[in-house]
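Asker: Submitted below is the structure of interest, expressed as structure tokens.
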Amino acid sequence: MEWLAGLGHSALSFFQRLGRGHLLFFAILQGLPGMVLRPGLVVQQVYAVGVLSLIIIVVSGLFVGMVLGLQGYNTLVDFGAEQSLGSVVALTLVRELGPVVTALLFAGRAGSALTAEIGLMKATEQLSGMEMMAVDPVRRVLAPRFLAGFLSLPVLAAIFSAVGVWGGYFVGVGLLGVDDGAYWSQMQAATDFRDDVWNGVIKSLVFGVVATWIALFEGYDAIPTSEGVSRATTRTVVHTSLAVLGLDFVLTALMFGE
Amino acid sequence: MSRPEEHLVRIRDLHFSRGHRKIFDGVDLDIRRGSVTAIMGPSGTGKTTLLKLIGGQLRPDAGTIEVAGEQVQRLSRSRLYELRKRMGMLFQSGALFTDLNLYDNVAFPLREHTRLPEAMVRDLVLMKLEAVGLRGARDLMPSELSGGMARRAALARAIALDPTMIMYDEPFTGQDPISMGVLVKLIRLLNDALGLTSIIVSHDVKETAAISDYIYLIAQGRIVAHGTPADLERSDSAWAQQFLNAEPDGPVPFHYPAAPFGEDLLAGRESRQGGR
Ligand SMILES: Nc1ncnc2c1ncn2[C@@H]1O[C@H](COP(=O)(O)OP(=O)(O)OP(=O)(O)O)[C@@H](O)[C@H]1O
Ligand SMILES: [Mg+2]
């Protein structure tokens, strides 16, 4: 009987959080038009959220591309198809690994930072103070961060894929002897702009919304203590990763399913 | 009924609880326009909570809170924000924005709510910082300030928009005797020169009483005594006497409500034995 009550309780608090999350989401959306007048705020956040994530994105992209080049070559060479390495590397990156891995790295690097920052602002009464100064923290603090995350993630994903393609090139062409011209021409022939590139961009836009939303909500909804903020930060990383992987499957099924 | 313009804040039959703990149990309180009103009471009775209720950050369970003739809990969000532009609040924790330096902290409300040219913002900010003695510290970050300095900086920010009402939550905590004296005078001066209405929550009885027109003593969810400082001095209310003279014995309990100490100790012994 007790576990039933416990189950009901967690279900109830889950749906309460879900409801609060959606209310916050719509409040943030309402704050977005005002950002046109305050581009400085957004630029500042694009720097914090996007530019500071660049290093981890570039380094990871390079290594993922190199591994793809190596593994792809080993598989393809058995079929004598190693010349199409370029298309394998590019398609894997643009369709899947670019958006997904970037979103996972984004959750760890930028999402956790956003949650901690906002949670601490709440814990130190900075958000209440802002409210008492008749400044809406959702518009002043959350909206610019949301826009920055939403804009940064697709760009980061594109950079990740581009660097990854170079990584594959170094290994495939530089080390393993795939033909230089074939690498690029196979890639161009196999990659369709609408089907592959555009679908990848849509994925990273969706992940950008979800990752930033979760990070902001967890911070804004955090219990205002050091323990509460620390738990919220962990939840950001866990929930974003799960949401991104789950959504990736759904989106892939919708886009490439038929 | 008194004329509405006489009182800026009118609280009637206020009830408020946190979880199962009743914080306010029928509080009536009036703040006269243009006066300095002190709210005192033992730690944990809900003075900060009262200020948050007046500022509309918390909603009462029952009763009404009127500020400038408007019921705070009934206001729409935009009307509430309009009202708050005319209210300054000094938070007990200071609540300075840690990512902005002192100058930008004080400039924040000006930049958010006015379209003043930067030169004028600068003049206003320096004026407010000068008033609290921190003009030279304007480039410091909040983390580089001492507790007392942070409090004064927060005060400068609270008065940046020249509000008609200011609520000070413990403005004197952590101040040395000199800055304390300056602050006490500053609060009274601001009030009289700008025609403000001030509410001070403070434990520094002597200093606060010296500049207050009226004092409310809150304990156990109720107003236990109120009057002008002179009234309270003379009153035979045990609460007033104990609080104003800082006597250890009297109706004000030092302890948070709890079971008798002896029982608590015995309960620990029983559970230890039960555990064996
Ligand atoms: N966020 C909260 N959640 C639950 N209870 C709270 C919360 N904030 C305050 N309380 C409780 O409300 C009561 C009143 O708190 P409040 O901060 O208003 O006291 P105070 O009179 O300002 O005390 P002090 O003089 O120490 O600042 C306290 O007993 C406290 O335990
Ligand atoms: Mg307090």
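Asker: Hey, if you drop one equal point scatterer on each alpha-carbon of region B:1-136 and run the Debye formula without solvent, what base-10 log of I(q)/I(0) do you get at q = 0.10, 0.20 Å⁻¹?
Answerer: Log10 I(q)/I(0), no solvent term: -0.44, -1.24.
Asker: Output ³J(HN,Hα) for region B:221-234: one whole-Hz value per residue in order, computed from phi by the Karplus curve 6.51 cos²θ - 1.76 cosθ + 1.60 with θ = phi - 60°, and x for Gly and Pro.
Answerer: Using θ = phi - 60°, the values come out as x, 9, 7, 9, 6, 7, x, 5, x, 5, 4, 5, 3, 7 Hz.
Asker: While we're here: Could you list the square roots of 5 times each eigenvalue of the Cα gyration tensor of chain B, that is, the equivalent ellipsoid semi-axes, sorted largest first and rounded to whole Å?
Answerer: Its equivalent ellipsoid spans semi-axes of 34, 24, 20 Å.
Asker: Quick one: what do you get for region A:74-164 if you divide its Cα Rg by 2.2 N^0.38 Å?
Answerer: Its radius of gyration relative to the 2.2 N^0.38 Å reference: 1.68.
Asker: Write down, largest first, the equivalent ellipsoid semi-axes of the protein assembly as shown in whole Å, where each equals the square root of 5 times an eigenvalue of the alpha-carbon gyration tensor.
Answerer: Computed over the protein assembly as shown, the values are 58, 28, 20 Å.
Asker: For chain B, modelled as a GNM with alpha-carbon contacts under 10 angstrom, which of B:T37, B:T228, B:T197 fluctuates the most?
Answerer: Result: B:T228 has the largest fluctuation of those listed.
Asker: Now for a different question. Please name whichever of B:H113, B:I211, B:M149 sits farthest to the positive end of the charge dipole of region B:107-237, dipole taken about the Cα centre and charges placed at Cβ: Lys and Arg +1, Asp and Glu -1.
Answerer: Value: B:H113.
Asker: In cubic angstrom, how much convex hull volume per residue do the alpha carbon atoms of region B:107-186 span?
Answerer: Convex hull of Cα atoms, per residue: 99 Å³.
Asker: Just how large is the dipole of region B:1-127 about the Cα centre, in debye to the nearest 20, putting +1 at every Lys and Arg Cβ and -1 at every Asp and Glu Cβ?
Answerer: 240 debye
Asker: Quick one: of B:K128/B:K185; B:K128/B:K206; A:K122/B:K128; B:K185/B:K206; B:K22/B:K52, which pairs are farther than 20 Å apart, Cα to Cα?
Answerer: Going by Cα-Cα distance, B:K128/B:K206; A:K122/B:K128 fall outside the 20 Å limit.
Asker: Looking only at A:S84, A:S204, A:S128, which one moves most when chain A is put into a Gaussian network model with springs between Cα atoms under 10 Å?
Answerer: A:S128
Asker: Compute the separation of the alpha-carbon centres of region B:116-152 and region B:61-101 and state it in Å as a whole number.
Answerer: Going from one Cα centre to the other spans 23 Å.
Asker: I would also like to ask the following. Can you tell which of B:G88, B:F243, B:L58 lies farthest toward the positive end of the dipole of chain B, using +1 and -1 charges on the Cβ of basic and acidic side chains (Lys, Arg; Asp, Glu)?
Answerer: B:L58
Asker: Name the residue from A:L176, B:L194, A:P154 whose Cα lies farthest towards the positive end of the charge dipole of the protein assembly as shown, charges +1 on Cβ of Lys and Arg and -1 on Cβ of Asp and Glu.
Answerer: Selected residue: B:L194.
Asker: Each residue of region A:6-12 in order: what ³J(HN,Hα) in whole Hz does its phi give by Karplus 6.51 cos²θ - 1.76 cosθ + 1.60, θ = phi - 60°, with x for Gly and Pro?
Answerer: Per residue, the Karplus-derived 3J(HN,Hα) values read x, 4, x, 5, 5, 4, 4 Hz.
Asker: When the label point is put 7 Å from the Cα of B:E144 along its Cα-to-beta-carbon vector, which residues of region B:115-138 have a backbone N closer than 15 Å?
Answerer: The answer is B:134-138, whose backbone nitrogens lie closer than 15 Å to the label point.
Asker: Scan chain B and note any complete DSSP helix (H) whose C-alpha atoms cover at least 24 Å along its axis and whose Kyte-Doolittle average is -1.0 or more.
Answerer: Span-like helices in chain B: B:177-194.
Asker: Moving to a separate point now. What is the fewest-to-most order of B:L129, A:L18, A:L120 by other Cβ atoms lying within 10 Å of their Cβ?
Answerer: A:L18, A:L120, B:L129
Asker: Under a point spin-label approximation (7 Å from Cα along Cα-to-Cβ), what is the B:A259-B:A193 distance to one decimal in nm?
Answerer: 5.7 nm
Asker: Can you list the residues, at least 5 places off or on another chain, whose amide H is less than 5 Å from the amide H of B:V224, using H built in the peptide plane?
Answerer: When sequence neighbours closer than 5 places are left aside, the close amide H contacts are B:L217, B:I218, B:A219.
Asker: Another question, then. Under a Cβ-only charge scheme (Lys and Arg +1, Asp and Glu -1), can you give me the dipole magnitude of chain A about the Cα centre, in debye to the nearest 20?
Answerer: 840 debye
Asker: Could you give me the percent of Cα pairs per 10 Å distance bin for chain A, shortest bin first, beginning at zero and ending with the bin that holds the maximum distance?
Answerer: Final binned percentages: 7, 26, 29, 19, 12, 5, 1.
Asker: Arranged by the count of other C-beta atoms within 10 angstrom, fewest first, what order do A:W3, A:W198 take?
Answerer: Fewest-to-most Cβ neighbours within 10 Å comes out as A:W3, A:W198.
Asker: Another question, then. For region A:145-251, build the convex hull from the C-alpha positions and give me its volume per residue in Å³.
Answerer: 124 Å³
Asker: Mind sorting B:H203, B:H255, A:H22 by how few other Cβ atoms lie within 10 Å of their own Cβ, fewest first?
Answerer: B:H255, A:H22, B:H203
Asker: Using a Förster radius of 30 Å, what is the FRET efficiency between A:R20 and B:L100 based on their Cβ-Cβ separation? Nearest 0.05, please.
Answerer: Efficiency for this residue pair is about 0.60.
Asker: Continuing with this model, one more query. Angle check, please: helix A:54-78 long axis (alpha carbons) against the longest principal axis of chain A (alpha carbons), in degrees 0 to 90, nearest 10.
Answerer: So the helix axis and the longest Cα principal axis differ by about 40 degrees.
Asker: Same structure again: How large is ³J(HN,Hα), in whole Hz, for each residue of region A:133-144 in order, when computed from phi with the Karplus curve 6.51 cos²θ - 1.76 cosθ + 1.60 and θ = phi - 60°, using x for Gly and Pro?
Answerer: 8, 6, 10, 7, x, 4, 7, 7, 9, 7, 4, x
Each reported figure results from applying straightforward, stated rules to the coordinates on display, with no laboratory input. From a predicted model like this one, the values you see are computed outputs, not experimental measurements. Virtual Cβ from ideal backbone geometry, glycine too; neighbours counted across all protein chains shown.
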